[in-house]
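Notes for the one structure printed next.
Every read-out reported here was derived from the displayed coordinates using simple, explicitly stated rules and does not represent laboratory data. If you're wondering where the values come from, they're calculated on a predicted model, not measured in any experiment. FYI the Cβ positions are ideal-geometry reconstructions off the backbone, even for glycines, and counts take in every protein chain you see.
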Amino acid sequence: MNNHRIHRVAKLTGLSKDVIRVWERRYGLVEPLRSANRYREYTDEDVALLRFLKEELDQGQTIGALAVEGRNSLLQRMRMTSMSRQQDVSPHHSLLDELISRLDPLDKSRFEQQLNAAVAVIPFEEAVQRILLPLQRRVGELWHEGRVNIAVEHYVTKVIQQKLFSVMNQLPVNEFGPRVLVACPEGEFHEIGAQAVAYLAAARGCHVYYLGPNLPISDLMTLGDSVNPDMVLLSLTDKKSDTETYQLLQDLKVLSMRWSVGVGGQGTGAIEHLLRGSGIEVLDDLAVLNNRLANLLSTRLRVTHS
Ligand code: B12
């Protein structure tokens, strides 16, 4: 996460410094911290929100009406809007090419500067879809082709994971939101899909337990018994042998007798037909997950209010 001074925020958002200061005084939608020498310091989220406000104004909204809506609701709407826009947002190819060119030989400073700067200026969910996940795919593919050292691949993977976690950790924990467990079952080590799912669920207001890769279902069940989740989301990447597939199906069935279970990831294609009629939901992608989460949240809201 970066902090930005007001002149940079003005540049990044297209708003004048005066307007940014007046909005702070009158509406409090963005309340920057102060550095030791009293300069205003804005977070990436502040910048993304100001850009969103500017877009809303360009479409005829008034700042008064937006202020009444309040920061949290605006942030929520910003994330939703960015998610629905992203359905046809393609990877940021030229940036990805440049980032990849910093990996051999590894130029850590330039790589991180460039990545941080690019991620800072667009809503984080857009950055996830256009930059972070495609970067993970590109660097993973390079390793698979033997064109990048595994140490470099691990370095890039860790940078991506840190970004997802640091933004996720800054989201308020919604104690009363639907409880969602996210993991990759035993033998599954490709983790970024699951992390993206965890981030998305937390950003939508779920109470997320992120359990990472290679988790035996029996241990997931034990934790589930104490958490009693509203949904268990599993990420499947690898193709499995017949025996492994059989075992996985058994495990999923046991899980689904207790809780709602959703599976996604590139490994689901091979077993989708076997899941038909089982009650286990196959969630094709993050847009489908987004709708499922909206549904989960509204059910939870109805339960809390009744
Ligand atoms: C990055 C990568 C790696 C990294 C993993 C880094 C990490 N810690 O996660 C490294 C280099 C370590 C790696 C290693 C291996 N990999 Co690899 N790897 C990839 C690669 C290039 C990208 C996968 C990825 O992370 N994509 C980014 C994520 C975000 O995208 P995604 O997985 O498609 O997920 C999206 C959706 O599917 C969805 N989604 C995912 N999960 C879920 C869950 C839910 C609930 C929902 C709703 C949605 C959802 O959301 C995501 C965003 O759109 C793929 C090839 C490819 N282009 O996909 C191969 C691939 C997955 N790897 C593969 C293999 C075989 C391996 C190895 C076994 C190779 C080996 N011989 O050692 C090892 C095993 C891993 C291990 N033991 O550590 C194979 C799997 C093939 C198969 N059919 O089983 C692939 C397909 C490559 C290939 N073409 O052969 N790999």
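Data table
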item: Percent RCO, i.e. relative contact order, over region 226-306, from Cα pairs under 8 Å lying at least 6 residues apart; result: 31 percent
item: q = 0.11 Å⁻¹: log10 I(q)/I(0) that the Debye formula gives for region 212-305, counting C-alpha atoms only; result: -0.33
item: Against the rule of thumb 2.2 N^0.38 Å, how large the Cα Rg of region 3-87 comes out; result: 1.07
item: Listed pairs 54/163; 158/240; 11/163; 158/253; 158/239 exceeding 30 Å between Cα atoms; result: 158/253
item: Cβ-based net charge around residue 189, under 15 Å, with every Lys or Arg adding one and every Asp or Glu removing one; result: -3
item: Cα long-axis angle, helix 242-258 against the chain (0 to 90 degrees, to the nearest 10); result: 70 degrees
item: Summed side-chain charge close to residue 133 - residues other than residue 133 whose Cβ falls under 13 Å, Lys, Arg +1, Asp, Glu -1; result: -1
item: Prolate/oblate/rounded label for region 173-240 (Cα gyration tensor, a/c 1.5); result: oblate
item: Per-peptide average of other Cβ atoms within 10 Å, ordering 276-284, 120-128 highest first; result: 120-128, 276-284
item: Net length gained if the chain between residue 8 and residue 55 were fully extended (0.36 nm per residue, minus Cα distance); result: 15.1 nm
item: Cβ-based net charge around residue 111, under 12 Å, with every Lys or Arg adding one and every Asp or Glu removing one; result: -1
item: Helix 133-144 axis, angle to the chain major axis (alpha carbon atoms, nearest 10°); result: 50 degrees
item: Peptide ranges 145-158, 5-18 listed from the most packed, as the mean C-beta count within 10 angstrom indicates; result: 5-18, 145-158
item: Cα shape, the chain, gyration tensor, a/c 1.5 rule; result: oblate
item: Most positive-pole-ward Cα, 160, 114, 246, against dipole of the chain from beta carbon charges; result: 114
item: P(r) tail fraction, region 90-170 - alpha-carbon pairs more than 19 Å apart, %; result: 29 percent
